[in-house]
Amino acid sequence: MSRLRSAVQKGKRAALENTEVIKSSNKKKSKSAIKEEEPSETKPSSSYHFFHDPTEIPLFRSHLLQWYDQNKRELPWRTLAMTEPGVNIRTYGVWVSEIMLQQTQVATVIDYYNRWMKRWPTVEKLAAATLEEVNQMWAGLGYYSRGRRLHEGAQKVVLELDGQMPKTTAGLLKQLPGVGRYTAGAISSIALGQVTGAVDGNVIRVLCRVRAIGADSTSPAVTDALWKIADTLVDPERPGDFNQAMMELGARVCTPKSPLCGQCPVQTHCHAFRKVSIKQEIDSKRLLSKLVSKLNTSVPDIENCLTAGSCDLCLSEDWDPQLGVQNYPRKPVKKAPRVEQTLTCIVERQQAGEEMEYFLTQRPSKGLLAGMWELPSTLLEADTSENKYKGLICDMMQKLLEKSLDANSVQSVGEVVHIFSHIHQTYIVFSVHVSDWSEGEQEQKTCWLTKSALKEAAVSTGVKKIMKLYESSSKVDSKEKKRKPSPEKRSNKIKKPKGAVTNEGPKQLCLSKFFSTSKTKAKSQNC
């Protein structure tokens with residue numbers, strides 16, 4: 001009976017397990033139907049893509065930091081992090097640099113950073129500034145939302161945190177707007193010495209090549225793997241230097257194109273480099289007509305992932321020998337930016353004895369280019385015909401200036417193309433000169449600025465391009481007017497035929513000229 005009972009219990013357990021397996025498989029199927037890229041929890045991660053040998057990790061750290069100490073660039077935020085004793089100022093300074101460096105090259109950021117820190121050396125100083133001042137300082141760096149979030153974060157630190165910057169990675173991530181996982185890790189490791197990884201675009205490229213991770217670098221499986229590797233590798237004694245060394249390596253050696261593998265300090269740890277080297281050696285052996293049997297003994301095997309084909313981290317495409325180490329990482333195809341057309345008008349006025357002024361409006365406090373000043377503009381619908389452009393401008397200016405414009409006074413200037421990260425924008429530009437206007441209250445904030453003031457104002461790169469086009473077109477028009485003589489002058493400058501004499505007809509040539517040879521032509525001229 002006991003055997004029977006145990007058999008029945010085993011049968012029930014087996015049936016229950018089968019039911020759970022079926023349910024879990026159905027759940028997986030439904031989830032995969034919604035999002036096929038979501039990794040399965042049951043897939044094991046291969047040790048090939050990680051640092052499974054504990055002796056390799058300290059060697060990697062040592063090689064990288066030794067290279068960094070000898071080759072690092074002297075940058076103002078690095079100097080501040082090393083020399084500033086005040087933890088609050090140090091954290092603030094590193095925070096500013098990390099926000100500025102998002103999607104912007106180091107060479108561009110240096111001057112902006114120096115000017116920013118000179119004007120607002122503390123978080124309290126930044127909090128007291130206006131958004132317009134911040135936008136003006138940020139002009140030219142792009143992605144103006146970054147500057148706005150710095151300003152918002154500074155105000156939050158002063159008003160809600162008693163002026164004290166967060167002291168932990170979790171605090172930075174939670175309490176500062178615009179600070180994500182990477183930025184929090186970078187600030188806390190560099191400014192606060194916390195042992196945490198920091199995975200940005202440069203680090204992604206380095207780790208993907210070092211551990212032969214070729215799957216979509218934005219997928220959850222790859223993201224989780226890279227952070228796990230970064231947290232494992234970071235040096236507990238010098239976490240800030242280690243993270244900066246990884247970024248420096250990706251920026252200067254392990255570059256997206258034409259990487260300098262011969263100068264790489266962690267070359268011996270790189271799976272991608274080893275794979276390329278072995279493949280080149282195999283190909284050279286084949287070119288020398290070596291036997292396959294001998295080839296296997298003379299060339300080392302390529303170490304590969306044991307679960308290739310079902311691994312979430314391996315190359316999903318065939319190896320491209322032309323790319324070499326650039327097979328890693330494979331980036332997803334970028335979504336094409338949406339195409340937009342915006343109708344823009346340059347409105348100018350000039351009061352007696354004063355400089356020419358231009359009319360600007362302020363954008364909303366949220367969204368694209370929030371709080372920036374721009375020329376009067378309206379987004380065009382896809383089916384708007386060109387013959388309606390002037391009418392739309394007249395309607396727009398009627399609302400802004402409470403003035404009716406003659407459509408004939410609106411002149412075409414040209415087109416300006418400006419590419420945002422997600423928008424392919426074409427500005428269709430017109431201009432108009434107004435002699436009288438209303439200064440009544442408007443829902444939208446407006447102002448008149450001189451040319452010199454406009455250059456210093458918080459305007460976008462797109463506006464600067466439009467004004468540059470307008471100035472160049474105005475110069476061309478003025479030159480053409482100078483070159484084009486008046487009707488009276490044109491009538492007095494009738495070109496006379498060759499040989500003509502004033503108040504006389506053309507000089508008659510002798511008949512012999514038409515029959516003379518080349519030798520006698522000189523004599524016939526005097527006939």
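FYI, it's all coordinate maths here, none of it is from the lab. Being a predicted model, the structure only gives us computed values, none of them experimental. As a convention, Cβ positions derive from the backbone with ideal geometry for all residues, glycine included, and neighbour counts pool all protein chains shown.
Assorted remarks:
- All other residues whose Cβ lies under 13 angstrom from that of VAL234 are scored, Lys and Arg at +1 and Asp and Glu at -1, for a net of -1.
- Filter on LYS334/LYS465; LYS334/LYS451; LYS285/LYS335; LYS118/LYS257 - keep pairs with C-alpha separation over 32 Å: LYS334/LYS451; LYS285/LYS335; LYS118/LYS257
- Among the listed pairs LYS167/LYS228; LYS399/LYS445; LYS125/LYS156; LYS366/LYS445; LYS388/LYS445, a Cα-Cα separation exceeding 21 Å is found for LYS167/LYS228; LYS388/LYS445.
- Size of charge dipole - the range 338-481 - debye, nearest 20, with Cβ of Lys, Arg +1 and Asp, Glu -1, no other charges: 500
- For the range 338-481, the percent of C-alpha pairs falling in each 10 Å distance bin, counted from 0 to the bin holding the largest distance, reads 10, 42, 39, 9, 0.
- All distinct Cα pairs of the range 99-150 go into the 1/r average, and the inverse of that average, the Kirkwood radius, is 11.2 Å.
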